[in-house]
Every structure is written in structure tokens, then in C-alpha cells.
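The values are calculated or read from the model by the stated rules, or taken from the named source; none is laboratory data. These numbers were taken from a predicted model, which means no experiment stands behind them. Cβ coordinates were reconstructed from backbone atoms using ideal geometry, including for glycine residues, and neighbour counts include every protein chain displayed. The protein model used for the area step is the full one, side chains on, heavy atoms only, and it has no ligands, DNA or RNA in it. Shrake-Rupley method; radii C 1.70, N 1.55, O 1.52, S 1.80 Å.
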Amino acid sequence: MRQQLCNQLHALAQCPCVIPAVRTRMELLIEALTKQMIEVEGELLAALALDPSWMASASRLQTITGIGPLTAIWLLVATLNFTLCDTAEELTAYAGLAPHPYQSGTSVHGRAWIGHTGNAALRTAVYLATLSAAQYNPVIKAFYDRLRAAGKPMKVARCAAARKLLHLAFAVIKNKADFDPLYATKRQKAAA
């Protein structure tokens, strides 16, 4: 709602005739929503601080570029601190990000799709985090750019990147280590 009001205020500023009372009212609404957001975030952090393992998990998740405090909390709550699923594949299926082939018997009738199954709130949180990660996270950005260069549609590439982001989040929590964007290159050098 805050962003919507900010956009409306910006659009209002572009009009040749601006009524000052309307502008003031919109600015007051934006200020009130900002204060409420800060209060809610403070309450969430206070609740998170009650359990040290959840706080540590939230801190680790935020080392992944693209995952902020609210997304980290969504991930922890939706997965019960990543205890609902034993593997990353189970987690992606739980979130509804695992592709399902559209087939009957041995014939394949079309492209695979993610459908509407799974935890919609978790899927949405990861997908929205991917919008930022696809721009700023070097691992997700390279993966997303490679899929787009291969001709994948934007939404397909974003869903695949969301799946990869969820795999990274799972790995960070299960390995109890912060995110390292150079992990794959270090591993390849060690193997060579």
C-alpha cells in the first residue's frame, strides 16, 4: 500500500494542477504506513530474538543477496526453520516450484509447468526475492542470464531462478554457513 501511494504521489506531481491538500494527505498516509512498517519489523525481530536458532537462521539467510529480513522471516515461518523437508527437492516441491511434466503415459503433450500446488505464500516470497536476486546476486544473475540467452521466456527463467534461490537458502541453513558467492568456483578449483 505504501508503494502504491508513493507511485500515486509521483503521478500526482506530474499533473499540471496539483491540489495541495491532496498532496499533504497522501504524504501523511505514506508517513503513517512507514511508521507502521517499522513497528511491525521491530515486533518481528523481537519475536525472532526469542529463539537463538531462528535468529541465527535469519541472519544466515540474509547473507544471500536478494533475501531481506521479511523474506527471511517468511522462509523460516513457512518451513518451520527448514524442518518440514529433508531435501532441497522436497522443499521446492513443497513451495510449488518443482516443474511437473504434462504427459499421459509415454506421450508428452507440452512444456512442463509449476502449477498452483504447494505453499503459495512461500512461492510468492521466493519469487519476489528472485526479482532482486536476478539483478544483484552473482550466482542467480548468471543462472538467470544463461537461461534467458538460451531462449527461455522471462517467467520460466524467473521460476527456475526462484527454485535455485530456494536451494541456496536450504543449503545455507542445513550447512550452517553463510552464503559464499564464490563457493562453486572454489569447489571446481579444489576438484581440479
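Quick one: in segment 62-73, of everything that is of a type in the set (A, V, I, L, M, F, W, C) and more than 9 Å from the chain's Cα centre (by Cα), which residue is most open to solvent (accessible area, probe 1.4 Å)? Step through it out loud before you land on a result.
Filtering segment 62-73 for residues of a type in the set (A, V, I, L, M, F, W, C) gives 64, 67, 70, 72-73.
Going one step further and asking which of them are more than 9 Å from the chain's Cα centre (by Cα), we end up with 64, 70, 73.
Working: ILE64: 1, LEU70: 81, ILE73: 24 Å².
It comes out as LEU70.
Of all residues in segment 75-86 being among the polar types (S, T, N, Q) and touching a helix residue (DSSP H, G or I) at 6+ places or on another chain (Cβ under 8 Å), which is nearest to ILE114 (Cα to Cα)?
First, the residues of segment 75-86 that are among the polar types (S, T, N, Q): 79, 81, 83.
Those still in the list that are touching a helix residue (DSSP H, G or I) at 6+ places or on another chain (Cβ under 8 Å) too: 79, 81.
Details: THR79: 19, ASN81: 24 Å.
Out of the qualifying residues, it is THR79.
So which of ARG25, ARG2 is under 22 Å from the mean Cα position of the chain (by Cα) and among the basic types (Lys, Arg)? Spell out how you get there, then give the answer.
Details: ARG25 fails: under 22 Å from the mean Cα position of the chain (by Cα).
Criteria check complete, one pass: ARG2.
In segment 88-97, which residues are free of Cβ contacts under 8 Å to residues at least 40 places away in the same chain and either part of a loop (DSSP other than H, G, I, E, B) or over 19 Å from ILE140 (Cα atoms) (or both)? Quick ask: steps written out before the conclusion?
Within segment 88-97, the first condition is being free of Cβ contacts under 8 Å to residues at least 40 places away in the same chain, and the residues that meet it are 89-90, 93-94, 96.
Once the filter is applied, which keeps residues that are free of Cβ contacts under 8 Å to residues at least 40 places away in the same chain and either part of a loop (DSSP other than H, G, I, E, B) or over 19 Å from ILE140 (Cα atoms) (or both), segment 88-97 yields GLU90, ALA93, TYR94, GLY96.
Just the residues that are assigned to a helix (DSSP H, G or I) and free of Cβ contacts under 8 Å to residues at least 60 places away in the same chain, please, taken from segment 174-192. Step through it out loud before you land on a result.
Restricting attention to segment 174-192, the residues satisfying the condition of being assigned to a helix (DSSP H, G or I) are 174-175, 183-191.
Those that are assigned to a helix (DSSP H, G or I) and free of Cβ contacts under 8 Å to residues at least 60 places away in the same chain: ASN175, TYR183, ALA184, THR185, LYS186, ARG187, GLN188, LYS189, ALA190, ALA191.
Filter segment 103-128 down to residues that are surrounded by 13 or more Cβ atoms within 10 Å (Cβ to Cβ) and touching a strand residue (DSSP E or B) at 6+ places or on another chain (Cβ under 9 Å) and give me whichever is modelled with the lowest pLDDT. Can you show your working first?
Taking segment 103-128 as the starting set, the residues that turn out to be surrounded by 13 or more Cβ atoms within 10 Å (Cβ to Cβ) are 112, 114, 117-119, 122-128.
Subsequent filtering for residues that are touching a strand residue (DSSP E or B) at 6+ places or on another chain (Cβ under 9 Å) retains 112, 114, 117.
Numbers: ALA112: 65, ILE114: 73, THR117: 80.
Looking at the filtered set, the residue picked out is ALA112.
If we scan segment 50-61, do we find a residue that is open to solvent by 70 Å² or more (accessible area, probe 1.4 Å) and basic (Lys, Arg)?
Checked against the condition, which is being open to solvent by 70 Å² or more (accessible area, probe 1.4 Å) and basic (Lys, Arg), segment 50-61 yields no hits at all.
Can you name every residue in segment 152-192 that is open to solvent by less than 80 Å² (accessible area, probe 1.4 Å) and touching an Asp or Glu at 6+ places or on another chain (Cβ under 8 Å)?
Step one: filter segment 152-192 for residues open to solvent by less than 80 Å² (accessible area, probe 1.4 Å), giving 153, 156-173, 177, 179-181, 184-185.
If the condition is that a residue be open to solvent by less than 80 Å² (accessible area, probe 1.4 Å) and touching an Asp or Glu at 6+ places or on another chain (Cβ under 8 Å), then VAL172 is the only one that fits.
Which of the residues spanning segment 35-86 are assigned to a helix (DSSP H, G or I), of a type in the set (Phe, Trp, Tyr) and in contact (Cβ under 8 Å) with a residue 40 or more places away in the chain?
Initially, segment 35-86 is screened for residues assigned to a helix (DSSP H, G or I), giving 35-48, 52-61, 69-79.
Add one more test, that the residue is of a type in the set (Phe, Trp, Tyr), and what stays is 54, 74.
The answer is TRP74, and nothing else.
Exactly one condition in (1) surrounded by fewer than 17 Cβ atoms within 10 Å (Cβ to Cβ); (2) touching a Gly at 6+ places or on another chain (Cβ under 9 Å); (3) without any contact (Cβ under 8 Å) to a residue 40 or more places away in the chain is not met by ALA149; state its number.
(2)
Does segment 152-173 hold any residues that are basic (Lys, Arg) and in contact (Cβ under 8 Å) with a residue 60 or more places away in the chain, and which are they?
ARG163
Within segment 129-146, work out how many residues are open to solvent by less than 50 Å² (accessible area, probe 1.4 Å) and assigned to a helix (DSSP H, G or I). Before you say what the answer is, go through the steps one by one.
As a first pass, look at segment 129-146 and keep what is open to solvent by less than 50 Å² (accessible area, probe 1.4 Å): 129-130, 132-134, 137, 139-140, 143-144.
After this cut, where a residue has to be assigned to a helix (DSSP H, G or I) as well, the list is 129-130, 132-134, 139-140, 143-144.
Looking only at that region, the number is 9.
Could you please find all residues in segment 13-44 being open to solvent by less than 80 Å² (accessible area, probe 1.4 Å) and under 28 Å from ASN137 (Cα atoms)?
Listed by number, the residues that qualify are THR34, VAL40, GLU41, GLY42, LEU44.
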